[in-house]
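The structure appears below as structure tokens.
The values are calculated or read from the model by the stated rules, or taken from the named source; none is laboratory data. Since this is a predicted model, take the numbers as computed values, not measurements. All Cβ positions, even for glycine, are placed from backbone atoms using ideal geometry, and neighbour counts span all protein chains on display. Areas reflect the complete protein model, heavy atoms only, side chains present, ligands, DNA and RNA absent. Shrake-Rupley method; radii C 1.70, N 1.55, O 1.52, S 1.80 Å.
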Amino acid sequence: MNILLWHVHGSWTTSFVQGKHRYLVPVNDARDEWGRGRARTFAWPPTAEEVDVSKLTDDDVDVVILQRPEELERVAHLRAPRIYVEHNTPKGDVPNTRHPMADRDDLVIAHVTHFNELFWDCGGTRTTVIEHGVVEPAVRWNGELDRFAVVTNEPVRRNRVTGTDLMPRFAAVAPLDVYGMGVAGLRLDRVAVHDDPPQAAMHAEIARRRAYLHLCRWTSLGLSLIEAMQIGMPVLALATTEAIAAVPPDAGVLSTRVDTLVEAARGLIDEPAPAGLLGDRARQVALARYGLDRFLADWDRLVEEETCA
């Protein structure tokens, strides 16, 4: 099938385009948010092709994957079925936040977590959940460095959302390495930043850190958390949103009490042996629940059988 989708979330799209279809990815000269084209720091197959969306016709597109409300007007000239992927937790008057695609009969909303489906008010619009799946990282954890890894985007602007204000408490235990987009402006003691590295290089580096910190208060479910678990890293995470379902107790330490996580972090630095046991279980869980084959099969079912049949 020919599937049109914008390059919005790099990690999620990297998994999505690994399927058996042809993926049409809008591009423009500026390569801005409306035309990023193919990824430059992720590995995408040749079946992901750059296109000028304004020149596409009904013969070119079998289904449209929407990820932002504004995309609707950009595909108004196409009659293909639409699926709206909701990546984010609701903002505003939670839990009464109305979804921008609420009460529609011309599309389906595909949430990436059950938490999102629970908290968004989608009215009468049909919804489903297709949990994340990730391309298994090639590296394995060794934890040789007495440091912690964090992967996040725009931690300065988002601050409390991404748990940036909590980083100093963990940096007092051991230095932090923060990877992601928009991290260059982060200025904290004992915190080193690595702005938007290639994915494979980032995986190789975080695998050398003792543990992975997931400090997000209010985000859907970071794919970097799943990737870290598949690498075999022990996880220290806030017990919020979908993290409590993704990380069972024997695969990491979860708590809403930050002191508990700081104490656990100190323990992993002082006594590295338990980290390996947590990491082994984290890898086992993440491979079973967030494997790429399951993710692509779920999407094939939704696209081929439930939407376009």
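Of all the strands (runs of 3 or more DSSP E) wholly in segment 1-52, which have at least 3 residues that are open to solvent by less than 50 Å² (accessible area, probe 1.4 Å)?
So the answer is 2-5, 22-26.
Mind checking which pairs have a first residue in segment 131-150 that is open to solvent by less than 40 Å² (accessible area, probe 1.4 Å) and a second that is of a type in the set (S, T, N, Q), Cβ under 8 Å, 6 or more apart or different chains?
Filtered contacts from segment 131-150: 131/113; 132/15; 132/113; 133/15; 134/11; 134/15; 134/230; 137/230.
Just checking, does segment 157-177 include any residue being part of a strand (DSSP E or B), without any contact (Cβ under 8 Å) to a residue 40 or more places away in the chain and within 26 Å of residue 284 (Cβ to Cβ)?
Among the residues of segment 157-177, at least one is part of a strand (DSSP E or B), without any contact (Cβ under 8 Å) to a residue 40 or more places away in the chain and within 26 Å of residue 284 (Cβ to Cβ), which makes the answer yes.
Looking only at strands (runs of 3 or more DSSP E) that lie completely in segment 203-309, which have at least 3 residues being among the hydrophobic types (A, V, I, L, M, F, W, C) and touching a residue at least 24 places away in the same chain (Cβ under 8 Å)?
In segment 203-309, the matching strands (runs of 3 or more DSSP E) lie at 235-238.
So in segment 162-183, with the set limited to residues that are among the hydrophobic types (A, V, I, L, M, F, W, C) and open to solvent by 50 Å² or more (accessible area, probe 1.4 Å), which one is nearest to the chain's Cα centre (by Cα)?
Ranking the candidates gives 181 first.
Mind listing just one residue for me: the one in segment 53-85 that is under 28 Å from residue 220 (Cα atoms), without any contact (Cβ under 8 Å) to a residue 60 or more places away in the chain and of a type in the set (D, E, K, R) and, of those, surrounded by the most Cβ atoms within 10 Å (Cβ to Cβ)?
82
If only one of 228, 237, 275 is farther than 29 Å from residue 156 by Cα and of a type in the set (A, V, I, L, M), which one is it?
Exactly one residue qualifies, and that residue is 275.
To keep it simple, each residue is scored yes or no on (1) hydrophobic (A, V, I, L, M, F, W, C); (2) open to solvent by 30 Å² or more (accessible area, probe 1.4 Å).
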residue: 209; (1), (2): no, no
residue: 228; (1), (2): yes, no
residue: 233; (1), (2): yes, no
residue: 251; (1), (2): yes, no
residue: 261; (1), (2): yes, no
residue: 277; (1), (2): yes, yes
